[in-house]
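First up is the structure itself, then whatever we jot down about it.
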Ligand SMILES: Cc1cc2nc3c(=O)[nH]c(=O)nc-3n(C[C@H](O)[C@H](O)[C@H](O)COP(=O)(O)OP(=O)(O)OC[C@H]3O[C@@H](n4cnc5c(N)ncnc54)[C@H](O)[C@@H]3O)c2cc1C
């Protein structure tokens with residue numbers, strides 16, 4: 001008789017406690033709770049065992065034991081996947097959050113980043129040498145999860161996406177072996193990792209290109225809601241002619257008094273500080289901002305500002321649509337988002353892919369959508385004791401539907417929910433067949449279930 005799931009889990013746990021330091025293999029207690037607590041407080045999955053990995057050998061042991069005992073595994077790093085794919089009920093969670101080392105080679109401008117490091121860890125390490133990294137806009141997000149998915153961020157107009165700054169990675173594969181991959185070594189794996197997330201193995205360490213930005217300017221402009229359409233219309237014209245060095249994240253946020261506001265969060269990453277000051281000042285003239293805090297800053301401070309808006313523990317539902325540009329239809333949808341806002345925390349955030357990030361050929365990475373576009377993130381966010389969860393979810397759906405007429409096929413795989421099958425089918429465009437071939441080669445048994453891949457045709 002084949003063993004039951006609890007028997008397999010129990011044998012797995014015994015095996016792990018024999019093969020690594022027993023205190024790293026936790027099934028209860030504070031370390032277990034830390035491993036299973038992620039950003040979205042609504043995710044209640046309880047893994048059967050959490051392995052608090054200290055290095056690649058622990059990851060290898062965990063992968064091998066999970067396979068031997070036929071227990072599903074998940075990978076947890078920064079814990080920011082809103083859909084909770086870092087955890088599964090009764091499974092084994094490989095917790096990388098103890099592997100956060102960052103070592104910088106300032107001459108080569110390269111950071112060696114452990115698999116559980118956050119974006120804030122990388123930026124803090126780089127800043128010690130007057131350098132910075134292409135990250136997303138929040139600091140507490142895992143650098144590997146962000147990078148392997150795509151990584152839209154405030155420097156992407158000039159320095160491309162996080163994924164384009166990945167130079168090589170050490171990966172524990174489904175059979176427990178380790179491979180170093182880059183453009184020369186296992187190039188197909190390296191290609192697939194860049195956009196298709198953790199579907200091929202566990203990245204225990206990666207090399208990331210760093211950049212020197214002598215005149216970083218950034219901050220926040222908040223415009224009262226009655227100015228929304230004027231500001232967004234002016235912004236659309238301005239973005240049409242803006243240089244690579246200017247990346248503007250914008251959208252709808254509840255203002256300090258709880259009513260909706262239009263926010264612009266511009267970042268100037270050019271070398272010419274005066275040109276940057278002029279560009280940011282122009283944004284301020286699109287309306288009469290109620291808050292205007294822009295000027296010289298550091299990447300660490302930029303990321304910390306976003307972290308403060310999105311703390312761990314609230315309940316979350318995210319929808320995403322990518323659209324070609326800030327058309328009148330998109331502006332109307334953003335207007336609807338503010339008019340119909342149901343929660344004092346919900347937001348719509350628009351990230352742009354333009355400039356250098358849009359000039360990367362579509363076949364260079366598994367992520368194929370390189371035409372300039374806007375990736376909208378519709379974030380319904382509420383307190384755990386809020387009884388209006390259904391209203392907040394409905395708000396996100398309404399805003400997403402309002403964008404449907406303009407939306408490009410597919411969407412940002414890192415943010416697509418597991419049941420969005422129609423969008424998932426288009427998420428990798430013409431790269432789909434090649435991607436699925438790499439999956440067949442490196443993980444034919446689907447040991448790694450990460451952000452969803454399109455179904456095989
Ligand atoms: C507040 C917030 C802000 C965000 N901002 C941005 C942004 O500005 N730009 C952007 O592009 N995205 C952004 N995201 C999306 C984010 O990049 C993804 O959700 C990403 O997957 C989070 O990685 P994580 O390690 O924090 O999450 P986790 O939940 O720990 O991991 C999610 C999955 O990523 C994979 N993974 C993570 N680390 C590894 C690894 N070392 N090896 C193999 N697989 C791994 C695994 O499949 C894992 O299950 C944001 C998300 C949130 C919640």
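The values are calculated or read from the model by the stated rules, or taken from the named source; none is laboratory data. If you're wondering where the values come from, they're calculated on a predicted model, not measured in any experiment. Note that we place each Cβ from the backbone using ideal geometry, even for glycine, and neighbour counts take in every protein chain shown.
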Exception for residue 400 within (1) within 16 Å of the ligand (Cβ to nearest atom); (2) crowded, with 16+ Cβ neighbours inside 10 Å falls at (1)
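How many residues does segment 21-57 hold that are more than 13 Å from the ligand (Cβ to nearest atom) and part of a helix (DSSP H, G or I)? Explain how you work it out, then say what you get.
Applying the first criterion (more than 13 Å from the ligand (Cβ to nearest atom)) to segment 21-57 yields 21-33, 44, 46, 48-49, 51-52, 54, 57.
Still in the running and part of a helix (DSSP H, G or I): 22-24, 29-33, 57.
Going through segment 21-57 one residue at a time, the tally reaches 9.
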Would you say residue 426 is within 15 Å of the ligand (Cβ to nearest atom), surrounded by fewer than 16 Cβ atoms within 10 Å (Cβ to Cβ) and not assigned by TED's automatic domain parsing to the domain that holds residue 77?
no
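Name the one entry in 284, 305, 313 that is surrounded by fewer than 20 Cβ atoms within 10 Å (Cβ to Cβ) and closer than 24 Å to residue 342 by Cβ. Give the derivation first.
Working: 284 fails: closer than 24 Å to residue 342 by Cβ; 305 fails: closer than 24 Å to residue 342 by Cβ.
Going through 284, 305, 313 in turn, the sole match is 313.
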* To do: Considering every residue within segment 91-109, establish whether at least one is touching a helix residue (DSSP H, G or I) at 6+ places or on another chain (Cβ under 8 Å), without any contact (Cβ under 8 Å) to a residue 60 or more places away in the chain and under 15 Å from residue 148 (Cα atoms).
  => no
Q.
Would you confirm whether or not segment 253-261 contains a residue that is surrounded by fewer than 23 Cβ atoms within 10 Å (Cβ to Cβ), part of a strand (DSSP E or B) and out of contact with any helix residue (DSSP H, G or I) (no Cβ under 8 Å at 6 or more places or on another chain)?
A. yes
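Checking the structure you have, find out if any residue of segment 150-169 is within 22 Å of residue 51 (Cβ to Cβ) and either in contact (Cβ under 8 Å) with a residue 40 or more places away in the chain or within 14 Å of the ligand (Cβ to nearest atom) (or both). Spell out the reasoning first.
Step one: of segment 150-169, the residues within 22 Å of residue 51 (Cβ to Cβ) are 169.
The next check asks that each one be either in contact (Cβ under 8 Å) with a residue 40 or more places away in the chain or within 14 Å of the ligand (Cβ to nearest atom) (or both); those that pass are 169.
Within segment 150-169, one or more residues are within 22 Å of residue 51 (Cβ to Cβ) and either in contact (Cβ under 8 Å) with a residue 40 or more places away in the chain or within 14 Å of the ligand (Cβ to nearest atom) (or both).
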Q: Scan segment 140-157 and give yes if some residue there is at pLDDT 95 or above, assigned to a loop (DSSP other than H, G, I, E, B) and surrounded by fewer than 21 Cβ atoms within 10 Å (Cβ to Cβ), otherwise no.
A: yes
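Residue by residue, here is whether (1) at pLDDT 95 or above; (2) under 23 Å from residue 361 (Cα atoms); (3) touching a helix residue (DSSP H, G or I) at 6+ places or on another chain (Cβ under 6 Å) holds:
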position	(1), (2), (3)
374	yes, yes, no
383	yes, no, no
391	yes, no, no
396	yes, no, no
403	yes, no, yes
409	no, yes, yes
417	no, no, no
Of the residues in segment 115-131, those that are surrounded by fewer than 24 Cβ atoms within 10 Å (Cβ to Cβ) and touching a residue at least 24 places away in the same chain (Cβ under 8 Å) come to 120, 124, 127, 128, 129, 130, 131
Only one of (1) within 14 Å of the ligand (Cβ to nearest atom); (2) surrounded by 16 or more Cβ atoms within 10 Å (Cβ to Cβ); (3) more than 30 Å from residue 313 (Cβ to Cβ) does not apply to residue 376, and that is (3)
Residue 189 fails exactly one of (1) in contact with a strand residue (DSSP E or B) (Cβ under 6 Å, 6 or more places away or on another chain); (2) away from the ligand (no atom under 16 Å from the Cβ), namely (2)
When residue 1 is run through (1) outside any loop (DSSP other than H, G, I, E, B); (2) modelled with pLDDT under 95, the failure sits at (1)
Only unsatisfied item for residue 60, checking (1) more than 13 Å from residue 115 (Cβ to Cβ); (2) in contact (Cβ under 8 Å) with a residue 40 or more places away in the chain, is (1)
- Query: Any chance segment 287-297 includes a residue that's surrounded by fewer than 22 Cβ atoms within 10 Å (Cβ to Cβ) and either assigned to a helix (DSSP H, G or I) or within 16 Å of the ligand (Cβ to nearest atom) (or both)?
  - Reply: no
Here the residues within segment 169-195 that are more than 25 Å from residue 120 (Cβ to Cβ) and within 17 Å of the chain's Cα centre (by Cα) are 192
Of (1) more than 24 Å from residue 122 (Cβ to Cβ); (2) surrounded by fewer than 19 Cβ atoms within 10 Å (Cβ to Cβ); (3) in contact (Cβ under 8 Å) with a residue 40 or more places away in the chain, residue 54 satisfies every one except (1)
The correct count of residues that are over 27 Å from residue 369 (Cα atoms) and either under 20 Å from the mean Cα position of the chain (by Cα) or not assigned by TED's automatic domain parsing to the domain that holds residue 397 (or both) in segment 318-345 is 1
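For segment 62-139, give me every one of the strands (runs of 3 or more DSSP E) that falls completely inside it and has 2 or more residues that are within 13 Å of the ligand (Cβ to nearest atom). I'd like the intermediate steps shown before the answer.
Numbers: elements: 73-76, 92-95, 102-105, 110-114.
Ranges flagged: 73-76, 92-95, 110-114.
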*Residue within segment 197-210 that is within 12 Å of the ligand (Cβ to nearest atom) and either part of a helix (DSSP H, G or I) or closer than 30 Å to residue 337 by Cβ (or both) present*: yes
A careful count of residues in segment 445-457 that are without any contact (Cβ under 8 Å) to a residue 60 or more places away in the chain and either under 22 Å from residue 72 (Cα atoms) or assigned by TED's automatic domain parsing to the domain that holds residue 376 (or both) gives 5
